[in-house]
1. State yes or no: is residue 290 assigned to a loop (DSSP other than H, G, I, E, B), farther than 28 Å from residue 324 by Cα and either touching a strand residue (DSSP E or B) at 6+ places or on another chain (Cβ under 8 Å) or modelled with pLDDT under 90 (or both)?
2. Please count how many residues of segment 65-94 are within 16 Å of the chain's Cα centre (by Cα) and part of a helix (DSSP H, G or I).
3. Go through the residues of segment 135-151 one by one and say whether even a single one is buried (at least 22 other Cβ atoms within 10 Å of the Cβ), hydroxyl-bearing (Ser, Thr, Tyr), out of contact with any Gly (no Cβ under 8 Å at 6 or more places or on another chain) and in the same structural domain as residue 35 (by TED's automatic domain parsing).
4. Does residue 66 count as of a type in the set (Asp, Glu), farther than 20 Å from residue 153 by Cβ and modelled with pLDDT under 90?
5. Is it fair to say residue 118 is over 21 Å from the mean Cα position of the chain (by Cα) and surrounded by fewer than 24 Cβ atoms within 10 Å (Cβ to Cβ)?
6. Look through segment 17-55, keep the residues that are in contact (Cβ under 8 Å) with a residue 12 or more places away in the chain and not in a helix (DSSP H, G or I), and return whichever of them is surrounded by the fewest Cβ atoms within 10 Å (Cβ to Cβ).
Amino acid sequence: MKLIKAIDKSIINPVSILVILYTLVLFFFSSLRHSLFQSRAWDLGIFDQGVYFISQDLAPKSSFLDFHILADHAAFILYPLSVFYKIYPDVHWLLLVQAIALSSGSIPVFKLAIQQGLSNNQGYLLSFIYTLSPLIFNVNLFDFHPDVISVPFFLWSILFAREGMTLFFCLTLVIILSCKAVFALTVIAMGVWLIIFEKRKLMGLIAIFTGMTWLIFATQIVIPLFGGDLASTVRHIGRKYGSLGNSYSEIFLNLFLKPDLFLKKIFSIDNFVYLLLLFAPFIWCLKNTNLSPLLVATPTIVMSILSDDPDQRYLSNQYPLPILPFLMLIAISSFVKIGSKKYWHHRFIIFWAVLAFMALLGLRGLMYNEAQR
């Protein structure tokens, strides 16, 4: 609790105002999209139906998926969300929760900046850069996904780990893992990073153990129990990784027996464009700084570049979200090296952040219009 006591409430206010304003902006545009009949049954309808059934104490079997909602991604976070539907069942609750989750990441970004010895103004700037991430605005327009709730909690988890606040750190891990089973891989990677680069052995071991335990429990017990063979994680192989093999074991063997299958995907134009657009908003902070947080993003990046499904690399989808918190850690590290005297550099960063936001937002519009034809 030392960090929280050290930050005066008057310092938090500008960030809080930013969060409130951006929440309203995100909620407005997602609601507008829904009112214009641009939202989809897949995925907004799936989660809306599931949360509604839970709120009515009914079995949340999806009529879209034809199995229990927990058999999809073991997203237990949907159960506490059902409390809002008990007040009044309306899909706008999900859109509001999404807007709050995405915008609230500004708060731990600010606190992480202060923790690293940056000034208040630099902390404000980093919070502003976070809100300008094209990922946040674009994903907010892509219906609703529980994934978004994990974004601020990844940032909080790093803050708590660095402060040695074990209980709060464990709580953030529980929330992250309850959003999506596959996030267990990111949590495991975060544990390795905490041990090697942050020298937080206890926190790292907790993350590794928790991630591995949840990965096994979710994939081998929860998903089969609620969905049977129909919901097995193997179903994703044919659609997303069929070119690499027909099963997990075959894909693993092909990694050694047929490495060309992987190399062709890794060094493709499609993946080059994906990585370019992913890192473009943060290109200013990728030189002469601490890039170790990218280790945590590795599972997400690898799954995306190896996938046969182009949607996995579409930056308006929810898939790249676990990467954003760790790009922000790199940005914070870069600010530490820049120092407080190079204000011209700060102005350039703001210019670049705005330019990247507008450019990728425009690109999303072009791709959307092309898809509608």
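1. Judged against the criteria, residue 290 is not a match.
2. 1
3. Checked segment 135-151: at least one residue is buried (at least 22 other Cβ atoms within 10 Å of the Cβ), hydroxyl-bearing (Ser, Thr, Tyr), out of contact with any Gly (no Cβ under 8 Å at 6 or more places or on another chain) and in the same structural domain as residue 35 (by TED's automatic domain parsing).
4. The answer is yes for residue 66.
5. yes
6. Filtering first and then ranking leaves 40.
Here is a yes/no grid of residues against (1) under 18 Å from residue 329 (Cβ atoms); (2) in a helix (DSSP H, G or I); (3) among the hydroxyl-bearing types (Ser, Thr, Tyr):
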position: 122; (1), (2), (3): yes, yes, no
position: 127; (1), (2), (3): yes, yes, yes
position: 142; (1), (2), (3): no, no, no
position: 153; (1), (2), (3): yes, yes, no
position: 156; (1), (2), (3): yes, yes, no
position: 170; (1), (2), (3): no, yes, no
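Let's see how each residue does on (1) surrounded by fewer than 19 Cβ atoms within 10 Å (Cβ to Cβ); (2) among the basic types (Lys, Arg); (3) under 21 Å from residue 106 (Cβ atoms); (4) out of contact with any Phe, Trp or Tyr (no Cβ under 6 Å at 6 or more places or on another chain):
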{"site": "254", "(1), (2), (3), (4)": "yes, no, no, yes"}
{"site": "268", "(1), (2), (3), (4)": "yes, no, no, yes"}
{"site": "282", "(1), (2), (3), (4)": "no, no, yes, yes"}
{"site": "300", "(1), (2), (3), (4)": "no, no, no, yes"}
{"site": "332", "(1), (2), (3), (4)": "no, no, yes, yes"}
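The values are calculated or read from the model by the stated rules, or taken from the named source; none is laboratory data. Predicted model, so just to flag it, every value in this text is computed and none were measured. A quick note on method: Cβ atoms are made from the backbone with ideal geometry, for glycine too, and the neighbour counts reach across all protein chains shown.
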